[in-house]
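Asks: Below is the structure I would like to discuss, written out as structure tokens.
The values are calculated or read from the model by the stated rules, or taken from the named source; none is laboratory data. None of the values given here were measured: they were computed from a predicted structure. Cβ sites come from the backbone with ideal geometry, for glycine too, and all protein chains shown count toward neighbours. Surface accessibility is based on the protein's heavy atoms, side chains included, excluding ligands, DNA and RNA. Shrake-Rupley method; radii C 1.70, N 1.55, O 1.52, S 1.80 Å.
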Amino acid sequence: MNDTGRKPPTTYPDPVMTVAELERFLNDAELDAIGVFDYSDEDGTEAAGMAGKVEPDEISAYGSADVEPVDEDVFRLRSVVEKPKPEDAPSNLAVIGRYVLRPSIFDALERIEPGSGGELQLTDAIGVLVREETVLGRRFVHGRYDAGMKVDFLRANLELALDRPDLAADVEAMLREVVRKRGLG
């Protein structure tokens with residue numbers, strides 16, 4: 001145990017990648033083509049993440065980033081705030097839960113206090129890294145569903161079911177029946 005009362009972090013020699021939300025890409029080739037991250041051990045970057053614009057009234061559901069452009073779709077994070085009130089958000093650029101992180105993130109997690117929702121927030125730990133190291137982001141412009149939003153969660157499940165050969169016909173028939181019964185189409 002350390003002075004925070006927590007177990008000391010495990011040391012990992014390699015970068016860690018997280019994907020925190022359900023996401024649907026058109027196909028694997030598109031995922032490869034957008035090059036989620038051009039991550040290199042030589043560039044000194046401690047972390048890289050994805051961010052996308054949301055409506056100002058939606059930003060309180062996400063982390064919000066203040067950024068400095070590096071090139072067309074890449075930026076350097078200046079600060080990040082987890083689930084701010086719309087009036088306190090540095091921007092409507094939402095941090096959307098895809099990261100490549102060096103092992104220093106574990107030390108940063110040890111140094112934060114519970115934040116939004118009384119939980120340790122990865123965004124807060126990234127905020128520690130932002131103050132000490134280079135943290136880059138890439139603007140995310142491809143479609144995604146936020147599994148934290150009920151309608152997006154449902155839509156993602158329907159889309160995934162329609163993509164599965166073993167479910168597609170039954171799910172399509174079910175949807176047609178619901179539309180017909182409700183007079184929606």
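Asks: How big, in percent, is the set of alpha carbon pairs in segment 99-141 lying more than 12 Å apart?
Replies: 60 percent
Asks: For Leu120, what residues show an amide H to amide H distance below 5 Å, using hydrogens built from the backbone and excluding near sequence neighbours?
Replies: Gly115
Asks: Another one. Tell me, what HN-Hα J-couplings in whole Hz come from the Karplus equation 6.51 cos²θ - 1.76 cosθ + 1.60 at θ = phi - 60° for each residue of segment 119-131, using x for Gly and Pro?
Replies: 3J(HN,Hα) across segment 119-131, in whole Hz: 10, 5, 10, 4, 4, 5, 5, 5, x, 4, 4, 4, 6.
Asks: If you don't mind, another one. I need the phi-derived Karplus couplings for segment 63-71: 6.51 cos²θ - 1.76 cosθ + 1.60, θ = phi - 60°, integer Hz, Gly and Pro marked x.
Replies: So the Karplus estimates, Gly and Pro as x, are x, 10, 10, 9, 10, 10, x, 10, 8 Hz.
Asks: Can you give me the long-range amide H partners of Ser91? Hydrogens built in the peptide plane at 1.01 Å from N, cutoff under 5 Å, separation of 5 or more residues or another chain.
Replies: Ala65
Asks: Could you give the length gained on full extension between Leu154 and Asp57, defined as 0.36 nm per residue of separation minus the Cα-Cα distance, in nm?
Replies: Working: separation 97, 0.36 × 97 = 34.92 nm, distance 2.16 nm.
Taking 0.36 nm per residue and subtracting the Cα distance, the gain is 32.8 nm.
Asks: Sequence-distant or interchain residues sharing an amide H contact under 5 Å with Met50, placed H: which?
Replies: Ile96, Gly97, Arg98, Arg138
Asks: Could you estimate the translational diffusion coefficient of segment 64-185 from the Stokes-Einstein equation, with Rh from the Kirkwood formula over C-alpha pairs, at 25 °C and 0.890 mPa s, in whole µm²/s?
Replies: Translational diffusion coefficient: 141 µm²/s.
Asks: Sticking with this one: Can you give the accessible area of Leu184, probe radius 1.4 Å, in Å² rounded to 10?
Replies: Accessible surface of Leu184 is approximately 120 Å².
Asks: Between Ala147 and Val178, how many nm apart are label points set 7 Å from Cα along the C-beta direction?
Replies: Between Ala147 and Val178, the simple spin-label model gives 1.9 nm.
Asks: Here's another thing I want to ask about it. Could you check the simple spin-label distance between Ala168 and Asp88, using points 7 Å along Cα→Cβ, in nm with one decimal?
Replies: The answer from the label model is 4.7 nm.
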